[in-house]
Amino acid sequence: MMGFIWFWLVAVMIVGYVVLDGFDLGVGVLHLFLVQTEEDRRTTLASIGPVWDGNEVWLLAGGGTLYFAFPLLYASAFSGFYLPLMIVLWLLILRGISLELRNHIDVGVWRALLDGVFGLASGMLAIFYGAALANVLRGVPLQADGYFFLPLWTNWRPGVHPGILDWYTVICAVLALVALTLHGALWIALKTSGDLAKRARRLVTPMCLLVLALTSLSLVATILVRPASLDNYFHYPLTFVVPVGVVASLICIRLFNRRLQPLRAFLSSCLYLFFMLAGACWGVYPTLLPATTGADRDITLAKAISGPHTLAVGLVWWGFGMTLAVGYVTFVYMKFRGKVDLASADH
Amino acid sequence: MTAELIHRLHFAFTITFHYLFPQLTMGLALLIVVLKSVALKTGDEKWDRAARFWGRIFGINFVFGVVTGIPMEFEFGTNWARFSRLSGGVIGQPLAMEGVFSFFLESAFLGLFLYGEKRLSKLMHWFSAFMVFAGSWLSGFFIIVTDAWMQHPVAYDRLPNGQFEVLSFWQLLLNPWGLLQYVHNMTGAVITGSFVMAAVGAFYLLEGRREEYARIFLKVGVIAGCLSSILIIFPTGDLAGKYVARNQPAAIAAMEGLFHTQDGADMVVMGQPNEETGLIDNPLVVNNALSFLIYGTTKAQVKGLDQIPHDQWPTALPLLFYAYHIMVGLGTWFLLLMAVAAFLLWRGALQRSRPVLWALLLSFPLPYIANTAGWMTAELGRQPWLIYGLMRTSEGYSNTVSASNGLFTLIGFMGLYALLGLLFTVLIYREISCGPEPTKKEVRA
């Protein structure tokens, strides 16, 4: 029971992170293509200025939760994905610094450089996150002692000894990039006005179609790479509602966008990401990290879970703390709701 | 180079660089609340502008702290997997609490404090500053709790699979080692904040401009600096030292360079510990002082390294000795300088005492060195243990991550952090040159 609860609590943290940091990653990618004037750019960046740092906290809080609830998984996955994680850290550093620096430097050349770094780092992060999730879904070559170490690439084929990047994880990486860019476009449509918002809205329909195509492709690929992903669904057929939800939320994005209801369109995109991630989690549950080296080496809930007292105590403070946290987050988003107003956004 | 050494250097380098930022964050957060409180009480716009100026510096510093802090949480898993696997149920707990309880709080209210002044009432803006302070100090608490459990494990049990499990949540949080280190460490952060603020004040006065702001900075910086420089020695440093002496005899003997057990032990003020001969080269000694400092009497016996098996000696003994002596030496300098500055401030003569202003200006890097040396003392003193008495450092690193892969990313971090250090210096220098006066843009708005 505790295992079930904590599995889904960690999943909630991951969904929270992807939904929230997802839009500012998408904004990071898009601002390279979408903005035309310096004012556009400042408006775009001001729309994420007060929130991006808070959004990143979901990653840290999620990582911490994973650490104490499933120490074996944390230890095994973090050391096994050593190289890509370090690259993710460097990208997070570059991204945060370039965004912050931009507000303090007014030399055009440097600003252009920082904008480029910010956009590239945002895009690379989306790619890495997609690949990371795909690595978990595909499985890793776990040794008997529960550890593994993956190179960045081997022969680009999923198999017993794959690399971080193979054709399957690359498909998921591209999907993540496109889906988060779409998410960012909807945020820009929501938070800005005039020509900029119009340009963002115009992107939505083609991107929705692209996301739909890539989603279908990744679904087929997942089933090919790890057929067991469907077991839970056939066992509880009601849960096929998840893929239906994926498609329905994509349709809603397009619908609300055309009706000029940007908030609803954005929320539909949140739902899309939620369904995708929840569906992926359900596909592996109760395994946490499948082994390509034989199912007996899978890291399962039962193997990785912390001691009972740790989890019971954790549930109390976690529930209390996250209630508070959701309170602050809501408060901040309420305070900064509405279109970005550059005059009051400077600091 | 062995994998163990690389993983130790990896963590040591990234954490040392990281902690340059939070110490200022935590110290300044308190001082900004002071500035905002005076502004709220007197309605004096100057104090508000002073708070806004330090808020900008705080903001830059905070971002550098955040981005260099994210790797720390990852490195427990990436570089110290075997340690994390066994201890995650215990120390994962305070680390997750830091995220849940303080990072959300801090980031939410920092956004409001930096971007929301025009959307908030004066009281609410003060409250945002206060919550940023509360969040950052809470964050420090959880980190110290984590470290305290590694230094002085309490309230744990071992499951059949070898994992550690928390027995009492409150005992874990209220570990006496943690409480003592917390007050000592936070006082150290206030010293950094005060010295930086006083140094900027001294810089403006020596330059002969922005004197009204310089006076504010000096006043707040010197008063806070004087108080914290007293508190860092007595009672916090004194108590922490005595607690270490009782619980980690090997650490205190190595810190003090005490190779041989002695009744009425001497304190070495300066010298170079020689591990081969078991003597201090070029010693400068105060007789019986060490016994007095630890036990309150000049006669008491202090255990030397000779009573400790050699395989339990701190592995980097001379470095530990120097780190400790640098911390104590600089602490003494802080007290002297701040006492003189506070006296002059009280007499109204500080602004005209150029030598003291110069000393204040040039001393701003020293608290960074002292805080770093203090952490090195604590962590090198814990060696060869990762969890004191329970798990050796050699049993904790990720053995699937080879020395070569570790070195690859260590070099990556070194390059990136060199760039970050450079950018940070340029940014802060710009802010200090621009000063607290409203810019043209602000006047127009």
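Below is a table of values for the structure above.
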| item | result |
| --- | --- |
| Pick from the range B:166-209, criterion away from chain A (no Cβ under 14 Å) and of a type in the set (S, T, N, Q), ranking: nearest to B:PHE234 (Cα to Cα) | B:THR187 |
| Pairs with Cβ under 7 Å, 6+ apart, first in the range B:65-86 and more than 8 Å from every other protein chain (Cβ to nearest Cβ), second of a type in the set (S, T, N, Q) and part of a helix (DSSP H, G or I) | B:GLY65/B:THR25; B:MET72/B:THR14; B:GLU75/B:THR14 |
| Positions within the range B:136-158 being free of Cβ contacts under 8 Å to residues at least 40 places away in the same chain and out of contact with any Ser or Thr (no Cβ under 6 Å at 6 or more places or on another chain), in sequence order | B:ALA148, B:VAL154, B:ASP157, B:ARG158 |
| Residues located in the range B:398-418, provided they are of a type in the set (A, V, I, L, M, F, W, C), within 9 Å of chain A (Cβ to nearest Cβ) and assigned to a helix (DSSP H, G or I) | B:PHE408, B:PHE413, B:LEU416 |
| All positions within the range B:159-168 that are more than 15 Å from B:LEU390 (Cβ to Cβ) and either in a strand (DSSP E or B) or in contact (Cβ under 8 Å) with a residue 12 or more places away in the chain (or both) | B:SER168 |
| Qualifying position, being outside any helix (DSSP H, G or I) and either among the hydroxyl-bearing types (Ser, Thr, Tyr) or within 29 Å of A:PHE70 (Cβ to Cβ) (or both), among B:PRO94, B:PRO153 | B:PRO153 |
| Odd one out for B:ASP311 among (1) within 28 Å of the chain's Cα centre (by Cα); (2) at pLDDT 90 or above | (1) |
| Residue ranges of helices (runs of 4 or more DSSP H) in the range A:280-347 with at least 1 members under 22 Å from the mean Cα position of the chain (by Cα) and at the interface with another protein chain (Cβ under 9 Å from one of its Cβ atoms) | A:308-335 |
| Within the range A:65-145, helices (runs of 4 or more DSSP H) holding 3 or more residues that are surrounded by fewer than 23 Cβ atoms within 10 Å (Cβ to Cβ) and either touching an Asp or Glu at 6+ places or on another chain (Cβ under 6 Å) or at the interface with chain B (Cβ under 10 Å from one of its Cβ atoms) (or both) | A:82-102 |
| Unique residue being more than 25 Å from B:VAL268 (Cβ to Cβ) and either in a helix (DSSP H, G or I) or of a type in the set (A, V, I, L, M) (or both) when the list is B:LEU361, B:LEU330 | B:LEU361 |
| Subset of the range B:87-97 [within 7 Å of chain A (Cβ to nearest Cβ) and either free of Cβ contacts under 8 Å to residues at least 60 places away in the same chain or touching a strand residue (DSSP E or B) at 6+ places or on another chain (Cβ under 7 Å) (or both)] | B:GLY89, B:GLY92, B:GLN93, B:LEU95, B:ALA96, B:MET97 |
| Candidates B:GLY55, B:GLY116, filtered to the one that is facing another protein chain (nearest Cβ under 7 Å) and in contact with a helix residue (DSSP H, G or I) (Cβ under 8 Å, 6 or more places away or on another chain) | B:GLY116 |
| Any hit, the range B:382-397, residues being under 30 Å from B:PRO309 (Cα atoms), within 13 Å of chain A (Cβ to nearest Cβ) and in a loop (DSSP other than H, G, I, E, B) | yes |
| Residue match in the range B:122-133 (condition: more than 8 Å from chain A (Cβ to nearest Cβ), over 19 Å from B:ARG382 (Cβ atoms), assigned to a helix (DSSP H, G or I) and among the basic types (Lys, Arg)) | yes |
| Filter result (of a type outside the set (A, V, I, L, M) and either surrounded by fewer than 14 Cβ atoms within 10 Å (Cβ to Cβ) or touching an Asp or Glu at 6+ places or on another chain (Cβ under 8 Å) (or both)) within the range A:152-181 | A:TRP153, A:THR154, A:ASN155, A:TRP156, A:ARG157, A:PRO158, A:GLY159, A:TRP167 |
| Qualifying residue in the range B:302-309 (condition: closer than 30 Å to B:VAL340 by Cβ, in a loop (DSSP other than H, G, I, E, B) and not small (Gly, Ala, Ser)) | no |
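Residues checked against (1) out of contact with any Cys (no Cβ under 6 Å at 6 or more places or on another chain); (2) of a type in the set (Gly, Ala, Ser); (3) within 30 Å of B:LEU31 (Cβ to Cβ):
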position: B:ILE216; (1), (2), (3): yes, no, yes
position: B:ALA224; (1), (2), (3): yes, yes, yes
position: B:THR261; (1), (2), (3): yes, no, no
position: B:THR277; (1), (2), (3): yes, no, no
position: B:ASN288; (1), (2), (3): yes, no, no
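The values are calculated or read from the model by the stated rules, or taken from the named source; none is laboratory data. What you see is a predicted model; the values in this text were computed from it and never measured. Virtual Cβ from ideal backbone geometry, glycine too; neighbours counted across all protein chains shown.
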